[in-house]
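The structure appears right after this line, and notes come after that.
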Amino acid sequence: MISTRGRYSIRILLDLAEHGNGEFIPMKEVAARQGISLKYIERMMPVLKTGGLVDSLHGIGGGYRLTKEPSEVTLWDILILAEGDLAPVSSLQENAAVCVRAAACRTLPVWDDYYKLTKDYFRGITLENLMRQQR
């Protein structure tokens, strides 16, 4: 399940894509447009910055901006930072210990296929795609 953190991260970065034009955008403006608490946004932005999706500038004229073009930022890029590993079962998580039952597990291929579908789906949608959608 995608949490509020993941959904809000997409909304925030979409807002930056729509209003940024390369300029730094104060988060209070994003908070007002998106109806998201400024405090909540401020807790999320360091993760997105560390992940390389946004840049920040402090002080007058400061805020955040995307580090990439909207066509280069996928929903998967955002969700993996905001949510962490989205694997449906622990044995598919990155750096997971090898499951002793993996070789005989008849359900593992189902979870693996589901995970691949999820990744492919979210990797196929960019911020630019969302910007083009009619409301």
Quick check for the chain: number of Lys pairs with alpha-carbon distance under 18 Å, counting only pairs 8 or more apart or on different chains? 4
GNM, the chain, Cα, under 10 Å: largest mean-square fluctuation among Ala87, Ala104, Ala17? Ala104
Mean-square fluctuation check for the chain, GNM, Cα pairs under 10 Å: which of Ile36, Ile12, Ile25 is largest? Ile36
Taking 0.36 nm per intervening residue step and subtracting the Cα-Cα distance, what contour gain separates Ser37 from Arg123 on full extension? 28.2 nm
Starting from 0.36 nm per residue, how many nanometres of slack lie between Lys49 and Asp113 once their C-alpha separation is accounted for? 20.0 nm
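How far, in nm, would the chain grow between Lys68 and Ser3 when pulled straight, counting 0.36 nm per residue and subtracting the alpha carbon separation?
Details: separation 65, 0.36 × 65 = 23.40 nm, distance 2.42 nm.
Computed gain between Lys68 and Ser3 is 21.0 nm.
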So what's the Cα pair-distance distribution over the stretch 12-135, bin width 10 Å, in %? 12, 36, 27, 16, 8, 1, 0
Within the chain, which complete DSSP H helices have Cα atoms spanning at least 15 Å along the helix axis and a mean Kyte-Doolittle hydropathy of 0.0 or higher? 38-50
Enter the accessible area per residue of the chain (Å², integer; probe 1.4 Å; all protein chains in place). 64
Using a 1.4 Å probe on the protein heavy atoms, what percent of the accessible area of the chain belongs to carbon and sulfur? 51
GNM on the chain, C-alpha springs below 10 Å: top fluctuator among Gly52, Gly20, Gly35? Gly35
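The values are calculated or read from the model by the stated rules, or taken from the named source; none is laboratory data. As the structure is a prediction and not an experimental result, all values here were calculated from the model. For accessibility, only protein heavy atoms count, side chains too; no ligands or nucleic acids. Shrake-Rupley method; radii C 1.70, N 1.55, O 1.52, S 1.80 Å.
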